[in-house]
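A.B. asks: To start, I am sharing the structure in question, which I have written as C-alpha cells.
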Ligand code: GUN
Ligand code: ZN
C-alpha cells in the first residue's frame, strides 16, 4: 500500500522562471497537493485529489501558502555559534572569529552538538536543503551528514580544505586534503539523500599544489559538485592577485588547477571582471548570492538582474555565519534591498523562485527539489502570510498573492513557518 496524504492550502507551483517571463505569471496557485510515497503526485483542486486518493489523510492548512522548502545553496554550519560577531571585514573576521571556532571541530562531540543545533535552526526557518562547508576535520563532515541523514534531509557538503594562510591546527596538506576528501566522498556521496561537495575554501588558503590535487579529485569524480568562494571583497581580490602573480584574475586561480566547471558553485562572485564573467558563463557555472553576508561583512552589491540577464544559474544562500541570519526569508529581503541599491527591485516571485527553484537548479537538483510539481520530492512548508500583527495588517489589503507574500518576505521570520514536511513526513 502506498502512503498518501493530501495537504490543502494555497499551493504555490512555479511553471516558469520569473526572470524569463512576466514574474506575476510565473506560478500557479492550486487548492491542494497529493503526496504519495514521499513525492509530489499531483497538484489541483481539493475535490479532484480526494476522488483520486479517497483513502488519503487530508491535512488542512487554511489559507497558508504551501510551497517547496527553502534551499540554502551556501552555508558554513560550523559558524553557527559565532553568527552575528561584530565589527570585522572578511579577512579579519575569518582570523578573529571563524578560525578559532572552526578549530573546535576536531572534537567530534562538539561537531555533533553544533550540527544538531544547526539543523534545528534551519528547519525552524523552513530550509529543507542545505549546502555546507564543514571544517578541515573529517569528523565535522561525519557529524553533518549523520545529523542530516537521521532527519531524512537532502543535504550537501564537504570537508573544507586549507593548507596555507590558516593557523596551526586548521591546516591539512595537498595530499591529506585529497585523501580525506576522497575517502569522505566515497563514504557519503549518494548515500540516501546526501551529496559530497569538493570544497577548497578559497584560493588564499590553498597552495597551488592543493588546488591541483582537488582539481584532480574533481576530474576523477565529475558527478560531484565543487564549491568555493570567489571575488567577495576588494581587499581579498588584491590579496589573491599578490599570492598568485601569474594569474589573470581571481577566477584564473581556480581555472588553472582544474577548479572551473559546470558543476562548480562560486559563492559571492560580486566583483567580477569581464573575462571572469565570460569564462564562468562559457562553462555554465553557478553563482551563489549571499546577500545578508555581503551587507554584514561589508563585501559589496551583487548585481542579480545583470547576472540573470547574462544567463547565469544563480542560487540564494544565507552564508551562515558570515551571513547574519539562518532565514531564507531574511535572505530574500536582503536580496531585495541589494536589488534596490543596484537599480532593480526584484519581484516577490523572483525572490521566492531564487530561494527554491533557482537554488535547486544552481545545484543541478532542479528535477528533485525546489518546486511543487509532480515527481518532486515532497520537501514542503506551510507559510503563514499573517504571522505577526505588522505583517497581517499589510497582507490584509493585498490585491494578489505576490502583494500578500511580500510583507512576509520583508518582515517574516521563523514564526511564519507553520509546518515543515520532509519527503512528505510532517516534522
Ligand atoms: N571566504 C573564505 N572563507 C569564508 C567564510 O567562511 N565566509 C565567507 N563569507 N567568506 C569566506
Ligand atoms: Zn562562505
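Rule-based calculations on the coordinates, nothing more; no lab input. Computed from a prediction, not measured in an experiment: that's the story for all the values here. Note that each Cβ is placed from the backbone with ideal geometry, even for glycine, and that neighbours are counted across all protein chains shown.
A.B. asks: Where a ≥ b ≥ c are the square roots of the eigenvalues of the C-alpha gyration tensor, would you call the stretch 319-366 rounded, which needs a/c under 1.5, or, failing that, prolate if a/b is larger than b/c, or oblate? Let's see the in-between values first.
C.D. replies: On the way: a/c = 2.07, a/b = 1.16, b/c = 1.79.
It comes out oblate by the Cα gyration axes.
A.B. asks: Considering the alpha-carbon set of the stretch 91-169 alone, what are its Rg and its Dmax in angstrom?
C.D. replies: Both quantities, over Cα of the stretch 91-169: 13.0, 37 Å.
A.B. asks: Could you tell me what percent of the DSSP beta bridges with both partners in the stretch 6-136 are antiparallel, to the nearest 5? Intermediate values should be presented prior to the final figure.
C.D. replies: Working: 12 of 22 bridges.
Within the stretch 6-136, antiparallel bridges account for around 55 percent of the total.
A.B. asks: Hey, in the GNM for the chain with a 10 angstrom Cα cutoff, which one of 257, 352, 196 fluctuates hardest?
C.D. replies: Highest fluctuation among the options: 257.
A.B. asks: Need one number: % antiparallel among DSSP beta bridges in the stretch 197-300, to the nearest 5. Kindly include the intermediate steps, with their values, before the conclusion.
C.D. replies: Numbers: 0 of 10 bridges.
Of those bridges, close to 0 percent are antiparallel.
A.B. asks: Roughly what % antiparallel, to the nearest 5, for the DSSP beta bridges in the chain? List each step's numbers first, then the result.
C.D. replies: Numbers: 25 of 61 bridges.
Here the share of antiparallel DSSP bridges comes out near 40 percent.
A.B. asks: Using a Gaussian network model of the chain whose springs link C-alpha atoms within less than 10 Å, name the residue from 49, 243, 251 with the highest mean-square fluctuation.
C.D. replies: 243
A.B. asks: Any chance you could give the angle, 0 to 90 degrees and rounded to 10, that helix 234-243 forms with the longest Cα principal axis of the chain?
C.D. replies: The two axes meet at around 40 degrees.
A.B. asks: If each residue of separation counts as 0.36 nm, what is the full-extension length gain between residue 91 and residue 116 once their alpha-carbon separation is subtracted?
C.D. replies: 6.2 nm
A.B. asks: Give me the distance in nm between label points sitting 7 Å out from Cα along the Cα-to-Cβ direction at residue 341 and residue 262, one decimal.
C.D. replies: Simple spin-label model gives 3.5 nm for this pair.
A.B. asks: Sticking with this structure for a sec: Under a crude label model (7 Å from the Cα following the beta-carbon direction), how far is residue 168 from residue 397 in nanometres?
C.D. replies: Going by the 7 Å Cα→Cβ label model, 6.5 nm.
A.B. asks: Based only on other Cβ atoms within 10 Å, what is the fewest-to-most ordering of 271, 229? Walk me through the numbers before you get to the answer.
C.D. replies: Details: 271 18, 229 26.
Least crowded to most crowded, the residues run 271, 229.
A.B. asks: When a footprinting reagent is the concern and you count Cβ atoms within 10 Å, what order do 290, 161, 224 take, fewest first?
C.D. replies: The fewest-first ordering by Cβ neighbours comes to 224, 161, 290.
A.B. asks: I've got another one for you. Full-extension gain between residue 191 and residue 25, please, as 0.36 nm times their residue separation minus the C-alpha to C-alpha distance.
C.D. replies: Between residue 191 and residue 25, full extension yields 56.0 nm more.
A.B. asks: OK, next. I need the P(r) histogram for the chain: all alpha carbon pairs, bin width 10 Å from 0 out to the longest distance, whole percents.
C.D. replies: P(r) over the chain, rounded to whole percents: 5, 23, 33, 25, 11, 3, 0.
A.B. asks: Can you compute the helix-only [θ] at 222 nm over the chain? Use -39500 (n - 2.57) per DSSP H run of at least 4 residues, normalise by all residues, nearest 500 deg cm²/dmol. Don't skip to the end; give the middle numbers.
C.D. replies: Numbers: 17 runs with 154 residues, N = 427.
Mean residue ellipticity, 222 nm, calculated: -10000 deg cm²/dmol.
A.B. asks: Is the C-alpha gyration tensor of the stretch 247-338 telling us rounded, prolate or oblate? Criteria: a/c under 1.5 is rounded; beyond that, a/b larger than b/c is prolate, otherwise oblate.
C.D. replies: prolate
A.B. asks: Label points 7 Å out from Cα along the Cβ direction at residue 414 and residue 107: separation in nm?
C.D. replies: 2.3
A.B. asks: Here's something else I'd like to know. Based only on other Cβ atoms within 10 Å, what is the fewest-to-most ordering of 240, 58, 372?
C.D. replies: Neighbour counts put them in this order, fewest first: 58, 240, 372.
A.B. asks: Another question, then. Choose one answer from 90, 365, 217: the residue with the largest mean-square fluctuation in a GNM of the chain with alpha-carbon springs under 10 Å.
C.D. replies: 365
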